[in-house]
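Notes for the one structure printed next.
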Amino acid sequence: MDKILKHLNGDRVIWVIAMLMMMLSLVTVYSFVPILVKVEGGTPFKYLFKHLVYIGISLGVMYWVHRKDPKYFSQLSKFGFYLAVALMIFTFFFGVTVNTASRWVRIPFVGLTFQSSDFARLALVIYISRLLVKKKDKLNDWKEGFLPVVVPIIVICGLIMKDNFSTAAILFGVSLVILFLGKVPFSKVATMIVGGILMLSTLISIQELAPESNVLPRWETWKNRIFNHVDDEQSVQDNAQVSNSKDAIFNGRPKFENGFGFIGGKGVGNGQLKGYLPEAYADFFYASFVEEFGPIWAGVLILLYLILLYRIMRIGLNSKKMFETYVCIGIGVLMLSQATVNMLVCTGVFPVTGQNMPLLAMGGSAMIMTCLGLGIVQSIASSQNVEEKKKGDMILESV
């Protein structure tokens, strides 16, 4: 590990945790894909190999990005935002539809799919971080300061919300955190929140009064999940998923049948309910993990995420540039929010929704974008290390 780390800049703890999680994901993906094999065919090795390819791409992206100067991310943020909008609009008209949700863009020739909202989330965090720095002296002015910062949030969250309400809600919440850090007047943020609620209420009213308008094509699914109706086929299915998820967690409880029973878990590959949990390798990852690894390792997993968040926040707060601070905190909160929602869904606290575990769920655009975000954080950490080294050298020269 030391031989590898000596070639990597930035925060070593983040590198170690990221690589450990990705190595663990190879085990869990191979173990959690039986339901995918049953539905789509193939073998576990097929999906393991595909996941391994995504891990290779993700690590390559993280390594490449972490060697760049952080100033480039600010300079490219506007382009990234407009590219994200273009991708979301393209997905709206030409996206691949799965379970009535059009979220994916199929990449020509290679047959892989890319979820445009994964890129849009990161692009928005970077762009509003830049805008907050650029407009810091004008945030009290509606036209010159506040609206230019808020409109990108409304646009991206609005485009995502049609097919993925939970992702839009999480991104909106993360954006509010960044606005709070940017010292945007509370009265204006409150106005934005109220406006968002009124806009959503209006869209819901239109959908209820004129279903043929299809302004919120997944409204019935959202409503059934939130209110947990049992008289609808979709709700019965969701309730069964939550029930199986809870049972899987219960199956992972410690038992004292042998000397190692206190650890809990059925053992890798021995989970009984992963074959009944849709996307056990993604949306219901935490439940499958607890069943096979037990609550102690599940606690270790939570600890790793918290350490990762702490290191990211530490890098952001140590920076002398507010753009870098906003970006790091935004990326850290976004990652932890996804993991938290996955756990709360699996334990039945939140309604069923599609949020996977960063760095652990079966690879794809989500893993690549997570590593891109971590690469940006590592780039900032690396620049801080260079500055500290220069200061140390100057002190030594003066002595």
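Is it the case, given these coordinates, that I376 is part of a helix (DSSP H, G or I), farther than 21 Å from V29 by Cα and at pLDDT below 90? In short, no. Of the helices (runs of 4 or more DSSP H) lying entirely inside region 1-94, the ones with 3 or more residues being in contact with a Pro (Cβ under 9 Å, 6 or more places away or on another chain) and over 30 Å from S383 (Cα atoms) are found at 12-32, 34-40. Which of the residues spanning region 3-34 are surrounded by fewer than 18 Cβ atoms within 10 Å (Cβ to Cβ), farther than 18 Å from N385 by Cβ and either touching a Phe, Trp or Tyr at 6+ places or on another chain (Cβ under 7 Å) or modelled with pLDDT of 90 or more (or both)? Hits for region 3-34 are L20, M23, L24, L26, V27. In the set P185, P217, only one residue is surrounded by 13 or more Cβ atoms within 10 Å (Cβ to Cβ), farther than 23 Å from F93 by Cα, at pLDDT below 90 and not aliphatic (A, V, I, L, M); that residue is P185. Against the test of being without any contact (Cβ under 8 Å) to a residue 24 or more places away in the chain, crowded, with 16+ Cβ neighbours inside 10 Å and either farther than 30 Å from C328 by Cβ or more than 18 Å from the chain's Cα centre (by Cα) (or both), the options K135, K143 yield a single qualifying residue, K135. Residues that are part of a loop (DSSP other than H, G, I, E, B), small (G, A, S) and in contact with a strand residue (DSSP E or B) (Cβ under 9 Å, 6 or more places away or on another chain): does region 365-373 have at least one? No, because not a single residue in region 365-373 is part of a loop (DSSP other than H, G, I, E, B), small (G, A, S) and in contact with a strand residue (DSSP E or B) (Cβ under 9 Å, 6 or more places away or on another chain).
Pairs meeting the criteria (first residue in region 274-289 and among the hydroxyl-bearing types (S, T, Y), second residue part of a loop (DSSP other than H, G, I, E, B) and surrounded by 23 or more Cβ atoms within 10 Å (Cβ to Cβ), beta carbons under 7 Å, at least 6 apart or on different chains) are Y281/V33; Y281/A361; Y281/M362; Y286/M357; S288/G271; S288/K274; S288/L277; S288/A280.
Table: residues versus (1) crowded, with 19+ Cβ neighbours inside 10 Å; (2) part of a loop (DSSP other than H, G, I, E, B); (3) at pLDDT below 80; (4) in contact with a Ser or Thr (Cβ under 9 Å, 6 or more places away or on another chain).
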{"residue": "V236", "(1), (2), (3), (4)": "no, no, yes, no"}
{"residue": "F256", "(1), (2), (3), (4)": "no, yes, yes, no"}
{"residue": "N270", "(1), (2), (3), (4)": "no, yes, no, yes"}
{"residue": "G275", "(1), (2), (3), (4)": "no, yes, yes, no"}
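What about I312, is it of a type in the set (V, I, T), part of a helix (DSSP H, G or I), at pLDDT 95 or above and surrounded by 21 or more Cβ atoms within 10 Å (Cβ to Cβ)? Spelling it out, I312 is indeed of a type in the set (V, I, T), part of a helix (DSSP H, G or I), at pLDDT 95 or above and surrounded by 21 or more Cβ atoms within 10 Å (Cβ to Cβ).
The rows are residues; the columns are (1) surrounded by fewer than 24 Cβ atoms within 10 Å (Cβ to Cβ); (2) touching a helix residue (DSSP H, G or I) at 6+ places or on another chain (Cβ under 7 Å).
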| site | (1), (2) |
| --- | --- |
| M335 | yes, yes |
| T340 | yes, no |
| V345 | no, no |
| T353 | yes, yes |
| G364 | yes, yes |
| M367 | no, yes |
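The residue list L171, L147 contains one member that is closer than 23 Å to F94 by Cβ and among the aliphatic types (A, V, I, L, M), which is L171. There is at least one residue in region 156-164 that is closer than 23 Å to G316 by Cβ, in contact (Cβ under 8 Å) with a residue 40 or more places away in the chain and of a type in the set (V, I, T). Only residues that are under 21 Å from M62 (Cβ atoms), more than 14 Å from the chain's Cα centre (by Cα) and of a type outside the set (S, T, Y) were counted in region 283-320, giving 11.
The values are calculated or read from the model by the stated rules, or taken from the named source; none is laboratory data. Remember, it's a predicted structure, so these values are computed and weren't measured experimentally. Neighbour counts are summed over all protein chains in view; Cβ atoms, including those assigned to glycine, are modelled from backbone coordinates with ideal geometry.
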